[in-house]
Amino acid sequence: MEHRNEAIPKGPVMTHFSAMSLLKNALTGNKNWTEQWPDAQPKKEYDVIIVGAGGHGLGAAYYLAKEHGITNVAVIEKGWLGGGNTGRNTTIIRSNYLYDESAKLYDHALDLWDNLSTELNYNIMYSKRGVMMLAHNVHDVQSFQRHIHSNQLNGVDNRWLTTAEAKAFCPPLNVSPDARYPVMGAALQMRAGTARHDAVAWGYARAAAKRGVDIIQNCPVISIRRGADGSVEGVETAKGFIRAKKVAVSAAGHTSVIMQTAGVKMPLESYPLQALVSEPIKPIFPCVVMSNTVHAYISQSDKGELVIGSGTDQYVSYSQRGGLPLIEHTVAAICEVFPIFNRMRMLRKWGGIVDVTPDRSAILGKTPVKGLYVNCGWGTGGFKATPGAAHLLAWTVAKDEPHKLNAPFTLERFTTGRLIDEAAAAAVAH
Amino acid sequence: MLLINCPYCDDALPELEFAYAGEAHIARPADPSKLSDEEWRDFLFIRSNPRGLHAERWRHIHGCGRFFNALRDTVSDRFLTTYPAGQPRPDVTKLEAAE
Amino acid sequence: MNDYRIKGRGRVNPNRPVRFTFDGKTFSGFEGDTVASALLANGEHLMGRGFKYHRPRGVVTAGSEEPNALIGTSRGPGRFEPNTRATMQEIYSGLTTESQNKWPSLKFDLGAINDRLYMLFSAGFYYKTFMWPKSFWDKVYEPFIRRAAGLGRSPTELDPDHYASRYLHCDVLIVGSGPAGLAAALTAARSGASVTVVDEQAEMGGTLLSEPSPMIEGQPAWDWLATTLAELAGMPNVRLMHRTTAIGYYHQNMVGLCQKLTDHLSDVPADAPRERLWRVRAGQVILAQGAIERPMVFDGNDRPGVMMAGAAQTFLHRFGVKVGNRPVILTSHDSAWHTAFDLADAGCKVAAIVDTRTDIAPALMQAAMSRQIEVLTGHTATATGGRLRVKSIRVNPVRGGTVGAARTIACDAVLMCGGWTPSLHLFSHTKGSLDWDAKAKAYLPGHKTEAVHIAGAGRGLWGIAAALEDGAKAGADALRDLGRKAGAATYAVTGDRTGTGITQKELPTDRSPGSAKAFIDFQNDVTAKDIRLAVREGMRSIEHVKRYTTNGMATDQGKLSNMNGLTIASDALGKDIPQVGLTTFRPPYTPTTFGALAGYHKGSHFEVTRKTPIDSWAAENGAAFEPVALWRRAWYFPKAGEDMHAAVNRECRATRQSLGIFDASTLGKIEVSGPDAVEFMNRMYTNPWAKLAPGKCRYGLLLGEDGFIRDDGVIGRMRDDLFHVTTTTGGAARVLNMMEDYLQTEWPELQVWLTSTTEEWATIAINGPNARKLLAPLVEGQDMSDAAFPHMSVAECTVAGFPSRLFRISFTGELGFEVNVPARHGRALWEKLMAAGKPYDICPYGTETMHVLRAEKGYIIIGQDTDGTVTPEDAGIGWAIGKAKPDFVGKRSLARPDIVAKGRKQLVGLLTENPKTVLVEGAQIVLDPKQSKPMRMIGHVTSSYWSEALGRSIAMAVVEGGFDRMGDTLHIPTADGGSQAAKVTGCVFYDPEGDRLKVE
């Protein structure tokens, strides 16, 4: 949906990215590249304030400007843009979720991912390498078949691989029947893959700034101010009060704390999530492999590093530290499934803070406070949702009502009991 | 790996012996049937999730097996104190003064 | 050859020559050499190629921070690893090494064409292109980028080595065994505290190994080192660990160590672990990790032969190797002057000392003059010459900010020093603050979050005397914090080489700065220009600069590059360094082998496999197993020539027709006892328990507080105050934890005790019309008649002489019993029952047959027919709810609006139109199979089997409003695009009247 406003960029003039501009600039000593986003300082008032300059928040600002013609928008960030979970995740993108609501939401994101580099004029390196999820027992097989059948009827790409097919698709895989967790088959989503996480934040930031959005970094939001009628008036920040009738909170692990200042209590808990990379090696790993049973998630980045995801630590924390035992277990799980990597080395590990809801599905929509919107609870799945969540958050804010794709992801479901329980659906028991 | 003082065993022991059990001081209502849907939701799902001091439950699962409570700073992960289940949340100002 | 080895110098053993290979060519060195020092002794500087531009690269450092000299190392099949630092790998005979990232050879690498396209490969270039045409990304551009990336090649074989791990507790852990670490160790150890000292090098001593000339306590430094190490080694409270890297600093003074055990040995003892991971919990930690020398940033600073001055000093003193015959020193710090003097004294012709500073200590000038070394102060370096080895350096005077005329100095090595960066990585792991010290021009430790002390160069102190004094003080401080008393020793040092220096951005040049290839991150090929471009493009946070340029993200994790990158970024931003910030150091300190982290958790030890007391019998009798939770369970017992289908059909027939025997020992078992046991059970489970008489049992249903089904199992009341609770196999621990939680925290007033008895009992299920005939003769202490022991009874008696809890229950619909005997008798009982069952053709069956038989009767499996979103009403087992009970766990949630709403998914039976068709478990159900996608799905198949008893397929499914759809035809689309039709039925397919349970 192209708006008339689209024709009149409100922001600064920026170099268009292309092989041509790269060549032209190379010949002129790379001196003429423009800023990708200006160092904005807050104005007194905006139409919309988005709290949190991660991929979701920056993307929402971009779609507000592009699709809804709302350009008087500020994205306020306590640190540096893209520095939260956007820049700390293992970049897996997939949409093979079980429930219709989830599959449709994530597949909407996948559609947007597909064209995002061109749309943003920023190569976010979406690599459709295929995401393969390993089944290690009969329960996994049943669960994946359920996913596959549901996905196929929803028009979402996902198919079953036999053990031999899984090995052919990913040669480093250990398919010995004597393995502690033998591979009994796999579900493969071919459209799924990875993207360059920083580029997603930067691409949205640049495209939003180009349309006049202010991105205000190093500006912690202290509280959300509500007026006498209860509706939102703006936000108190480290750089003073900024007025806005609409505020959208998209602050991942910090959402609880910010929403509390508006008097909204959230069904959220923030847990440390760790990830690690190996030293870089030449291409050896052609896809993304996930094993929920042994808690191992692995792919190889464009830089050659094996990117490995871990589980969450057990306790609520904002420390971004995480413990050694979890890393030991994660690496052991990788070596169990891919024993040829035993002599590889861990290069660095880091922690993020993931906000988790009781049903492990996101909350994206309106709140009991007029003018206050929330996008949170993505748990470990936030990166893959980025364009979809951003697009739907923009819609919800612009229209003051949810899009049909995010309508089920309400805060009210925790009162009524209509949970979207992806975690319970995959529950292991027998 | 955290080092946790079990108030029953009176010993600081590695986190591997313990299981985290969520926010503390959320007592199950005496008669849930009297609660509104909103009140019941609050009991089931709403958590304070603070950035800072957090009262939380742990179980010394590979030890004495007992549940207990702890005050921990979620920013530094530092424990201020642990205390038996059923005891009220200690006054932090007194704790800090005592340090 | 060893042309560059100086006889009589170094700590290598000249009597023990060692041969190894590099790129197929054999080299020799001495015991004690690293690959780097041995290659340098042979005059080889070229050890690698750059990542992006494939420029020839030589060794830059002598330590673990080495960015360039990364090699593949191997000692035989399965023992290859990439990216090993040549500066850390000790040589041993049999070691095979290879260079990386080159084709066809290290000396002639076609990839070097990229160097010509330097301007095109600017920072972040890949974000700006490869977008058109879109279809080229997947097939052309991305594979090209990926092939170019990466350094070494991956191992491809199974690793034959194994790895160990240990815990360690000590009073004081000291990281680093240089003068500061050793002084701290002496202080702490002499007080009696338990002390552990670790050092990543093959030898302890740190800086002292490169600094033999000072006198400490009247002894030459190396003699003092030997005396000190001997004293420490002789103390029972001291543990010295070399080749051991402190990889990470975790909560509450837990430090992870990785110790290398065999990678330096020619002959590895059989079964010796390759590495060992230590998890140390220390009372106090002392970080004495020294400082890392910074490169100078100028055009051509990456040419082989250009290296750190401190490294040259290490190669000279520790290995007896001169890195060149005609070196030029390029420095802004006094330390490199001493390198020049040492090299000159060792016989090198030092071509010049080029210092960017103008104000040089007279003593240094004097010392240079006395050695006839030319000194050029106030100079910059603007280029280097040579291809595979530096041949010259171009230097210019700088006066008043203007770069003067160039002069080229011939040389075969350029030894640079751009100052020193305190090594505070581990301190940074603790989230301790790093504060900018304007005087030291360095980040120094600030606020501490752990019981840690930093000593020596880590605090910006310089020189051996200062390090000794500070180390002794840190030792005393640590003891004080432990509540021990200690006086810090003092050390008399003469000949100490203290000094100062400055740090700076890229060196000024008279050429176009745009075309200068002045490297900051050698391995990732990041230049000063890349940093400035990133800033120009709006990257203001140092994290953005780092990520945009990849500066500091190479395998040295920024040890050489971070501060230079930061200095240049802050210059470009026009801000002071502390305003720009610092990127976070993340564990591990140096790359750590996966195998060491995995430790013993490998293969069958990855996770325990729980086995029942009867598992060995099943294995001996050819069972196929399936993993269920942590257990392995007998899946089916194939006879010769049988596939799973045939075996299961036979097992089903045998059980329905005569007698089947099944190992149900994995079922969770919990003893609930005490005066309030019945009240407790009433509160936990949905069912009413008060009226259940002792000697009777009942199906129990457990919900979560959210109202959804969590677990189920048959529960027997043994006595008024004792329940024998069974749970699902996977749910045992969860259920016990949940019970304990409620008992301890919600209802502490209840007098109840909970005991897990899963492993105490072996459980054998006997099912089939002949079940009683088999059991009755073996049972003593219980009348087995139907009248005396009806369905849903439990008794304590003996079976085949073993004390037992005998249940009359059935999960098959046949006459059934479950015998629980103490686990140690499990296999004996099983074998007695097998023997006694011969007349009835007793048939052992596995979990698959169990599943079929229970499905024929519509008995649900929690986790298969329910999924955590299913209520009792949904599952059709609302009868298990004690409606009269005021409360039980989950009751309130069953009254929530969406739980009582119409249209919930309900568990029903499905009979396919084609009786031969067995539906796929997990398949989705629709009303109209011809609708276009996305289809509206109304449920899915949860269980589906071939029923041998019925001669047709059966299935269970959850379907929206399923109870109201009895008799309707639904459709199940298949993966191949087809569809199966099926009729909705009740869940009980076989013997709906339950007659078979009542066999007399």
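The values are calculated or read from the model by the stated rules, or taken from the named source; none is laboratory data. In this text the structure is predicted, and so the values were computed from the model without any measurement. Because the Cβ atoms are built from the backbone with ideal geometry, glycine has one as well, and the counts that use them run over all protein chains shown. Surface areas here come from the heavy atoms of the whole protein model, side chains and all, with no ligands, DNA or RNA. Shrake-Rupley method; radii C 1.70, N 1.55, O 1.52, S 1.80 Å.
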Note on region A:274-295: residues farther than 28 Å from C:GLN523 by Cβ and hydrophobic (A, V, I, L, M, F, W, C) are A:MET290, A:VAL294
A:LYS366: farther than 27 Å from A:CYS287 by Cβ, free of Cβ contacts under 8 Å to residues at least 24 places away in the same chain, open to solvent by 10 Å² or more (accessible area, probe 1.4 Å) and basic (Lys, Arg), yes or no? no
Can you find a residue in region B:22-42 that is at pLDDT below 95 and surrounded by 15 or more Cβ atoms within 10 Å (Cβ to Cβ)? no
Tally up the residues in region A:31-56 that are over 22 Å from A:GLY69 (Cβ atoms), within 12 Å of chain C (Cβ to nearest Cβ) and buried (at least 22 other Cβ atoms within 10 Å of the Cβ), please. 2
Can you name the residue in region C:123-164 that is more than 7 Å from every other protein chain (Cβ to nearest Cβ) and among the small types (Gly, Ala, Ser) and is also most open to solvent (accessible area, probe 1.4 Å) among such residues? C:SER135
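Report, by residue number, each residue of region C:758-779 that is surrounded by fewer than 17 Cβ atoms within 10 Å (Cβ to Cβ) and either outside the structural domain of C:ALA664 (by TED's automatic domain parsing) or within 53 Å of the chain's Cα centre (by Cα) (or both). I'd like the intermediate steps shown before the answer.
Step one: of region C:758-779, the residues surrounded by fewer than 17 Cβ atoms within 10 Å (Cβ to Cβ) are C:759-760, C:769, C:776-777.
Selection gives C:GLU759, C:GLU760.
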Near pairs, Cβ below 9 angstrom, 6+ apart or cross-chain, from region C:532-547 (within 7 Å of another protein chain (Cβ to nearest Cβ)) to any residue that is of a type in the set (Lys, Arg) and open to solvent by 20 Å² or more (accessible area, probe 1.4 Å): C:LEU533/A:LYS31; C:ARG536/A:LYS31; C:ARG540/C:LYS575
Output for region A:309-333, where each listed residue is more than 23 Å from the chain's Cα centre (by Cα), facing another protein chain (nearest Cβ under 7 Å) and open to solvent by less than 10 Å² (accessible area, probe 1.4 Å): A:GLY323, A:LEU324, A:VAL331, A:ALA332
Any chance B:LEU53 is free of Cβ contacts under 8 Å to residues at least 12 places away in the same chain, closer than 21 Å to A:GLN260 by Cβ and either open to solvent by less than 30 Å² (accessible area, probe 1.4 Å) or away from chain C (no Cβ under 12 Å) (or both): no
May I ask you to verify whether C:GLU469 is in contact (Cβ under 8 Å) with a residue 40 or more places away in the chain, surrounded by 18 or more Cβ atoms within 10 Å (Cβ to Cβ) and either in a loop (DSSP other than H, G, I, E, B) or in the same structural domain as C:GLY324 (by TED's automatic domain parsing) (or both)? no
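Considering C:VAL535, C:VAL526, C:VAL545, which residue is open to solvent by 10 Å² or more (accessible area, probe 1.4 Å), among the β-branched types (Val, Ile, Thr) and under 16 Å from C:SER122 (Cβ atoms)?
Going through C:VAL535, C:VAL526, C:VAL545 in turn, the sole match is C:VAL535.
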So how many residues does region C:448-461 have that are without any contact (Cβ under 8 Å) to a residue 24 or more places away in the chain and in contact with a Lys or Arg (Cβ under 9 Å, 6 or more places away or on another chain)? 1
Hey, C:CYS697 hits all of (1) open to solvent by 20 Å² or more (accessible area, probe 1.4 Å); (2) not in a loop (DSSP other than H, G, I, E, B); (3) not aromatic (Phe, Trp, Tyr) but one; which does it fall short on? (1)
Within region C:80-102, how many residues turn out to be farther than 24 Å from A:LEU347 by Cβ and either surrounded by 21 or more Cβ atoms within 10 Å (Cβ to Cβ) or touching a helix residue (DSSP H, G or I) at 6+ places or on another chain (Cβ under 9 Å) (or both)? 1
Here are some residues: C:GLY43, C:GLY58. Which one is more than 30 Å from the chain's Cα centre (by Cα), away from chain A (no Cβ under 14 Å), open to solvent by 10 Å² or more (accessible area, probe 1.4 Å) and farther than 14 Å from A:GLU279 by Cβ? C:GLY43
Spot the failing condition for C:GLU873; the list is (1) surrounded by fewer than 22 Cβ atoms within 10 Å (Cβ to Cβ); (2) within 11 Å of chain A (Cβ to nearest Cβ), and only one is missed. (2)
From the list C:ALA835, C:ALA855, which residue is in a helix (DSSP H, G or I) and either closer than 27 Å to A:HIS139 by Cα or facing chain A (nearest Cβ under 9 Å) (or both)? C:ALA855
Check off (1) in contact with a Gly (Cβ under 9 Å, 6 or more places away or on another chain); (2) modelled with pLDDT of 90 or more; (3) in a helix (DSSP H, G or I); (4) surrounded by fewer than 24 Cβ atoms within 10 Å (Cβ to Cβ) for A:GLU67 and give me the number that stays unchecked. (1)
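Only one of these is modelled with pLDDT under 95 and either in a helix (DSSP H, G or I) or within 14 Å of chain A (Cβ to nearest Cβ) (or both): C:GLY713, C:GLY730, C:GLY707. Name it. Lay out the reasoning, then the answer.
Details: C:GLY713 fails: modelled with pLDDT under 95; C:GLY707 fails: modelled with pLDDT under 95.
Going through C:GLY713, C:GLY730, C:GLY707 in turn, just one is modelled with pLDDT under 95 and either in a helix (DSSP H, G or I) or within 14 Å of chain A (Cβ to nearest Cβ) (or both): C:GLY730.
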Under 6 Å by Cβ, and 6 or more places apart or on different chains, what pairs join a residue from region C:673-699 that is more than 22 Å from C:SER810 (Cβ to Cβ) with one that is part of a loop (DSSP other than H, G, I, E, B) and aliphatic (A, V, I, L, M)? C:GLY674/C:VAL752; C:ASP676/C:LEU750; C:ASP676/C:VAL752; C:ALA677/C:VAL752; C:VAL678/C:ALA690; C:PHE680/C:LEU750; C:PHE680/C:VAL752; C:MET684/C:VAL889
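Considering only region C:801-822, state which residues are part of a strand (DSSP E or B) and open to solvent by less than 20 Å² (accessible area, probe 1.4 Å).
At the first step, the residues of region C:801-822 found to be part of a strand (DSSP E or B) are C:802-808, C:816-822.
Scanning region C:801-822 gives C:SER804, C:ARG805, C:LEU806, C:PHE807, C:ARG808, C:GLY816, C:PHE817, C:VAL819, C:ASN820, C:VAL821.
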Filtering region B:56-70 for residues that are within 9 Å of chain A (Cβ to nearest Cβ) and not charged (D, E, K, R) leaves a count of 1
Please specify each residue of region A:239-271 satisfying the condition of being free of Cβ contacts under 8 Å to residues at least 60 places away in the same chain and closer than 26 Å to A:GLN320 by Cα. A:VAL257, A:GLN260, A:THR261, A:LYS265
Taking the options A:TYR106, A:TYR97, A:TYR122, name whichever one is more than 8 Å from chain C (Cβ to nearest Cβ), in a loop (DSSP other than H, G, I, E, B) and touching a helix residue (DSSP H, G or I) at 6+ places or on another chain (Cβ under 8 Å). A:TYR97
Given the options C:ASP115, C:ASP171, name the one that is farther than 30 Å from A:SER18 by Cβ and either open to solvent by 10 Å² or more (accessible area, probe 1.4 Å) or within 13 Å of chain A (Cβ to nearest Cβ) (or both). C:ASP171
Taking region C:230-247 and keeping only residues that are over 15 Å from C:SER165 (Cα atoms) and either part of a strand (DSSP E or B) or modelled with pLDDT under 95 (or both), one is left with C:VAL238, C:ARG239, C:LEU240
